[in-house]
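Student: So that we are looking at the same thing, I have put the structure below in structure tokens.
Laboratory data are not the source of any read-out in this text; all were calculated from the coordinates shown. Predicted, not measured: the structure shown is a model, and the values here were computed from it. So basically every Cβ, Gly included, is an ideal-geometry build from the backbone, and we count neighbours across all protein chains shown.
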Ligand code: NAI
């Protein structure tokens, strides 16, 4: 169902770790829509080697960069512009990691050094990317930037611990940088708040299966799959959404505005005998 929506556009896609990654699907869709792009991920993630498959499939060079390192990001943006032959039209930030979640810490016992790492990797990295892009004047006018978020930024979810604060900051950075880059270059900056999705990052959260099922039962359309998230990102990179900026856009099958669904009501009734 390709429509050449991104014909002639070039960009950077971060965060494709394996076939389950949301960024992996975005890369495949962007390629199908005629975009050229550079893939990037943390040097550590590269060692697993899976990204090479995607690189071949999409004819996309890879530039490793730790998204917490401004030096790495400077090399990423200069390298991407060199390889792609000019300024960029789009960028995907699809990066998240919490050492506290990985180690199973509950909200009351968070390790603060890890908390800072969570913020650095999952939120500040977005500011760093945008600041490096601004300094290098790396975007074309009417460019588009998307970062992936989660509804825990607005509502408390058990076990999402410090990622909750990281996502709130990520969304806030999108607004502040959207204002700045909009004025400077007519570049738009948005976050897409995605349904729970069975990826490496998603499945790392304890109790994930339960809140995946809960969200699925609550959402009239069901949880949005990664492929549909990719479609939405493509629409935001395309020229069809040129005046959408500084928004946190819900891509959740209706979850965020549902009070209670029939499925949940039936389950509660059953539980009460
Ligand atoms: P994933 O595990 O496939 O992707 C996370 C990526 O972050 C990986 O590619 C990883 O290598 C990269 N990363 C970690 N540390 C990095 C660093 N220092 N520098 C550069 N890259 C680094 O999982 P997924 O689910 O595709 O995650 C992508 C984004 O979507 C994340 O921001 C996540 O929070 C967000 N999201 C995921 C949801 C889910 O349920 N899976 C729901 C809503 C949002």
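Student: Under the rule a/c < 1.5 gives rounded, and otherwise a/b versus b/c splits prolate from oblate, where does segment 41-186 land using the Cα gyration tensor?
Tutor: Verdict is oblate for segment 41-186.
Student: Could you tell me the relative contact order of segment 125-273? Use alpha-carbon pairs under 8 Å, at least six residues apart, and round to a whole percent.
Tutor: 26 percent
Student: Next question. With an 8 Å cut-off on Cα pairs and a minimum separation of 6 or more residues, tell me the relative contact order of segment 71-187 in percent.
Tutor: Reported as a whole number, the value is 33 percent.
Student: To continue, here is another question. What's the ranking of 216-223, 49-56 by average number of surrounding C-beta atoms within 10 Å, highest first?
Tutor: Working: 216-223: 17.2, 49-56: 15.0.
By packing density, highest mean first, the sequence is 216-223, 49-56.
Student: With axes computed from alpha carbons, what is the tilt in degrees of helix 262-271 against the longest principal axis of the chain, rounded to the nearest 10 within 0 to 90?
Tutor: Roughly 40 degrees between the two axes.
Student: Could the peptides 169-175, 21-27, 248-254 be put in order, highest first, of the mean number of other beta-carbon atoms found within 10 Å of their residues? Don't skip to the answer; put the middle values down first.
Tutor: Details: 169-175: 21.0, 21-27: 26.4, 248-254: 19.1.
Top to bottom by mean Cβ count within 10 Å: 21-27, 169-175, 248-254.
Student: Could you tell me the calculated FRET efficiency between residue 268 and residue 172, based on Cβ-Cβ distance and R0 = 41 angstrom, to the nearest 0.05? It would help to have the intermediate numbers written out before the result.
Tutor: Numbers: r = 35 Å, r/R0 = 0.87.
My answer for the efficiency is 0.70.
Student: To test your reading of the geometry: what angle, between 0 and 90 degrees and rounded to tens, separates the Cα axis of helix 226-237 from the longest principal axis of the chain?
Tutor: Between the helix axis and the principal axis of the chain, the angle is about 40 degrees.
Student: Still on this structure, I have one more. Any idea how far the Cα center of segment 170-197 sits from the one of segment 212-231, in Å?
Tutor: Taking the Cα centre of segment 212-231 as reference, the centre of segment 170-197 is 22 Å away.
Student: Another question, if that's okay. Relative contact order of segment 31-128, please, whole-number percent, based on alpha carbon pairs below 8 angstrom and at least 6 residues apart.
Tutor: With pairs under 8 Å counted, the relative contact order is 25 percent.
Student: I need the peptides 97-109, 130-142 ranked by packing, meaning the mean over residues of other C-beta atoms within 10 angstrom, with the highest value on top.
Tutor: Descending mean neighbour count gives 130-142, 97-109.
Student: Among 78, 164, 118, determine the one that fluctuates most according to a GNM of the chain built with springs between C-alpha atoms less than 10 Å apart.
Tutor: The residue that fluctuates most here is 78.
Student: Another question about this same structure. What does the C-alpha gyration tensor say about the overall shape of segment 157-243? Classify as rounded when a/c is under 1.5, otherwise prolate if a/b is larger than b/c, or oblate.
Tutor: Details: a/c = 2.92, a/b = 1.61, b/c = 1.81.
Since a/c reaches 1.5 but b/c is at least a/b, the shape of segment 157-243 is classed as oblate.
Student: Moving on. Relative to the first principal axis of the alpha-carbon coordinates of the chain, what is the inclination of helix 22-32, with its axis defined by its Cα atoms, in degrees from 0 to 90 and to the nearest 10?
Tutor: Roughly 50 degrees, rounded to the nearest 10.
Student: Tell me what the chain gives for mean residue ellipticity at 222 nm when only DSSP H runs of n ≥ 4 count, each as -39,500 (n - 2.57), the sum divided by the residue total, rounded to 500 deg cm²/dmol.
Tutor: -13500 deg cm²/dmol
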